[in-house]
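Engineer: This is the structure I want to talk about, given as structure tokens.
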Amino acid sequence: MTSTPVLSIVMPVRNEGLNLRIMLKILNAVVDVPHEVLVVVDETYDASVPVVAAISPQYARLAVVHNTHGRGILNALRAGVAAAQGRYILIFAADEVGPVLAIDDMIALMDGGCQFVSCTRYAHGGRRLGGSWIGGLLSRSANRIFRHLSGCRLTDATTGIKMFTREVFESLPLAARPVGWAVASEMAIKAQVVGLRLGEVPIVSVDRLYGGKSTFRIGPWTAEYLRWFLWGLTELRKGPARSGDVAVRVPTATALGGKVQM
């Protein structure tokens, strides 16, 4: 075990039980690079805490991080990033199994010079399975319309699976309200606005394969995502940030099969 991990996996959770237990076992078995997993909770009595305690004896670098910045994904990410020691930081969801297979490819893109790598469910063989059908319809339609109207180079700005460095995270002026994973869209848009080198890896997303309750609420979620949709339309259409290629790696687990470099 090296003194400094290559990767810090930051996982915001709220009362995750079976999903978290299975995800931690999968990560421990599948991720080959030296890494740490930081499970971020808002409350010390969160039901996820005993899950981590039970597994930590078998997981060399696994810890609970208490978010003291306030509720919401953005504040959880701030707490997780502040505690992270890895060269790269991956934000991850405990209820999605598919993205585990994309981690090596995301790291390869970062090693190759990308500064911000996002997963995609809607291009290069990526797919979305399960979850709320309303949420899925809104997500797919919004990403397609947004890309067409704004010139966004990422095909799935709304996915919460993203990799970057601490310096990149701290350089982005993030301001999303604590509603769902809206901050993921904000990050994707602002990464392009400031001219970061972008990468994309397709995933087969299987939402809540092992059950649990989604936090999706059509009213507040739509309002906050629409806020960043409109902001992005204005900012991305201003000029040169619209141009440029996105580096893509396709894992063997996607529908296309085999790796390609674009």
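The values are calculated or read from the model by the stated rules, or taken from the named source; none is laboratory data. Only a predicted model underlies this, so the values are computations on that prediction, with no experimental measurement involved. Here the Cβ is made from the backbone with ideal geometry for all residues, glycine too, and neighbour counts use every protein chain on show. With ligands, DNA and RNA removed, areas are computed over all heavy atoms of the protein, side chains included. Shrake-Rupley method; radii C 1.70, N 1.55, O 1.52, S 1.80 Å.
Engineer: I need the full set of residues from region 143-183 which are open to solvent by 70 Å² or more (accessible area, probe 1.4 Å), of a type in the set (A, V, I, L, M) and touching a residue at least 12 places away in the same chain (Cβ under 8 Å), in order please.
Structural biologist: Within region 143-183, just Leu149 meets the criteria.
Engineer: Could you check how many residues of region 44-59 are at pLDDT below 95 and within 19 Å of Val81 (Cα to Cα)?
Structural biologist: Within region 44-59, residues that are at pLDDT below 95 and within 19 Å of Val81 (Cα to Cα) number 1.
Engineer: Please identify the pairs in which a residue from region 81-94 that is in contact (Cβ under 8 Å) with a residue 24 or more places away in the chain has its Cβ atom under 6 Å from the Cβ atom of a residue that is open to solvent by less than 40 Å² (accessible area, probe 1.4 Å) and of a type in the set (Lys, Arg), counting only partners at least 6 apart or on another chain.
Structural biologist: Hits for this filter: Ile91/Lys162.
Engineer: So, one more: Kindly indicate whether any position in region 132-142 is in contact with a helix residue (DSSP H, G or I) (Cβ under 9 Å, 6 or more places away or on another chain), more than 22 Å from Ala63 (Cβ to Cβ) and not in a helix (DSSP H, G or I).
Structural biologist: Yes, that holds for at least one residue.
Engineer: Take region 1-39 and flag every residue that is closer than 13 Å to Leu90 by Cβ and in a loop (DSSP other than H, G, I, E, B).
Structural biologist: Of everything in region 1-39, those that are closer than 13 Å to Leu90 by Cβ and in a loop (DSSP other than H, G, I, E, B) turn out to be Pro5, Val6, Val31, Val33.
Engineer: Then there's this: Filter region 209-235 for residues that are over 14 Å from Met187 (Cα atoms), at pLDDT 90 or above and aromatic (Phe, Trp, Tyr) and give the result.
Structural biologist: none
To keep it simple, each residue is scored yes or no on (1) at pLDDT 95 or above; (2) surrounded by 18 or more Cβ atoms within 10 Å (Cβ to Cβ); (3) under 23 Å from Thr252 (Cα atoms); (4) hydrophobic (A, V, I, L, M, F, W, C).
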residue	(1), (2), (3), (4)
Ile73	no, yes, no, yes
Ala79	yes, yes, no, yes
Gly98	no, yes, yes, no
Ile107	yes, yes, yes, yes
Gly113	yes, no, yes, no
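Engineer: Does His124 count as part of a loop (DSSP other than H, G, I, E, B), open to solvent by less than 60 Å² (accessible area, probe 1.4 Å) and either modelled with pLDDT under 95 or at positive phi (or both)? Before you say what the answer is, go through the steps one by one.
Structural biologist: On the way: part of a loop (DSSP other than H, G, I, E, B): yes; open to solvent by less than 60 Å² (accessible area, probe 1.4 Å): yes; either modelled with pLDDT under 95 or at positive phi (or both): yes.
When the stated conditions are applied, His124 passes them.
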